[in-house]
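Down below is the structure, laid out as structure tokens.
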Amino acid sequence: MDIQAQPIRVVLLDDHEIFLKGLEKLLGQQPILRLEASFSTGKMLIETLPQLQADVLLLDLQVPDITAEELLAQIKKIYPKVPVLYLTMMRGSRIMHRIEKLGASGYILKDASVAQLLTAIKCVAAGDTYFLEESLPKDEEKNTVTQPSVRVVELLSKREIEILTLICHEYSSAEIGEKLFLSTGTVDTHRRNILVKLGVNNTVGLVKFAIQNGLLNEI
């Protein structure tokens, strides 16, 4: 029997409403796919997943309420064999290696073509992996998404820019939380997300990025 006789059942997660709605419409127009459900938070996905049947989980790599590691661990408890395909704007060998370490089946860039997205979904649904070499920078030292074509405002949210500048001015997580009316845990989550998005490992890397992009004058 043709394995494509039945549509591939996809569950979608993305916390950006406009992107989520657009992707819902796009996936709904593909005869080979069936959108089972879509979610804007990791918590909603985890709570509902036991009631769903999925062939592929198409997940935003960065959602604010849970880390990718924590979310994937929860998913594997429910559906250990369902492939996970990540959506991300991040390029570079660093992010590719992180996704491989997570145990995901692959990732697709959010600015990829529709054809690439469909190929990626079909690939992981068939049990293969999908890691495009063309998504890596030619210079392996540029393990970051801070490429000239990506503006800071597209890379980081307004809140992340606020937290980044405060970190660079040597505010602690507790002090940042007090200043921005956030819990310390929320600040720490934002910090981890910023490190991953920028492809750096520590505060020194954050400061270098902030200087290069003129962010230290933001506060």
Quiz item: Name the pairs whose Cβ atoms lie under 8 Å apart, with the first residue in the stretch 164-180 and closer than 12 Å to R191 by Cα, the second open to solvent by 20 Å² or more (accessible area, probe 1.4 Å) and aliphatic (A, V, I, L, M), and 6 or more positions between them or separate chains?
Solution: T165/L216; T165/I219; L166/L180; L166/I219; C168/V207; C168/L216; I176/L182
Quiz item: Can you tell me which residues in the stretch 1-44 are of a type in the set (F, W, Y) and either open to solvent by 100 Å² or more (accessible area, probe 1.4 Å) or at pLDDT 90 or above (or both)?
Solution: F39
Exercise. Report yes if R151 is open to solvent by 30 Å² or more (accessible area, probe 1.4 Å), more than 29 Å from L35 (Cβ to Cβ) and modelled with pLDDT of 75 or more, otherwise no.
Key: no
Self-check item: Residues that are touching a residue at least 40 places away in the same chain (Cβ under 8 Å) and open to solvent by less than 50 Å² (accessible area, probe 1.4 Å), drawn from the stretch 118-127
Solution: L118, I121, V124, A125
Quiz item: Tell me, which residue of the stretch 58-83 that is under 16 Å from the mean Cα position of the chain (by Cα) and of a type in the set (D, E, K, R) is least open to solvent (accessible area, probe 1.4 Å)?
Solution: D60
Quiz item: Restricting attention to the stretch 206-219, which residues are surrounded by 13 or more Cβ atoms within 10 Å (Cβ to Cβ) and without any contact (Cβ under 8 Å) to a residue 12 or more places away in the chain?
Solution: K208
Quiz item: Just one of V11, V63, V114, V56 is under 23 Å from R191 (Cβ atoms), among the β-branched types (V, I, T) and touching a residue at least 40 places away in the same chain (Cβ under 8 Å); which is it?
Solution: V63
Quiz item: Given the residues T146, T186, T203, which is the only one that is modelled with pLDDT under 75 and open to solvent by 40 Å² or more (accessible area, probe 1.4 Å)?
Solution: T146
Quiz item: Is at least one residue of the stretch 45-57 within 26 Å of L198 (Cβ to Cβ) and surrounded by fewer than 20 Cβ atoms within 10 Å (Cβ to Cβ)?
Solution: no
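The values are calculated or read from the model by the stated rules, or taken from the named source; none is laboratory data. The structure presented is a predicted model; accordingly, all values stated were derived computationally and were not measured. Cβ atoms come from the backbone with ideal geometry, glycine included; neighbour counts cover every protein chain shown. Accessible surface is based on the protein model in full, side chains and every heavy atom, while ligands, DNA and RNA are left aside. Shrake-Rupley method; radii C 1.70, N 1.55, O 1.52, S 1.80 Å.
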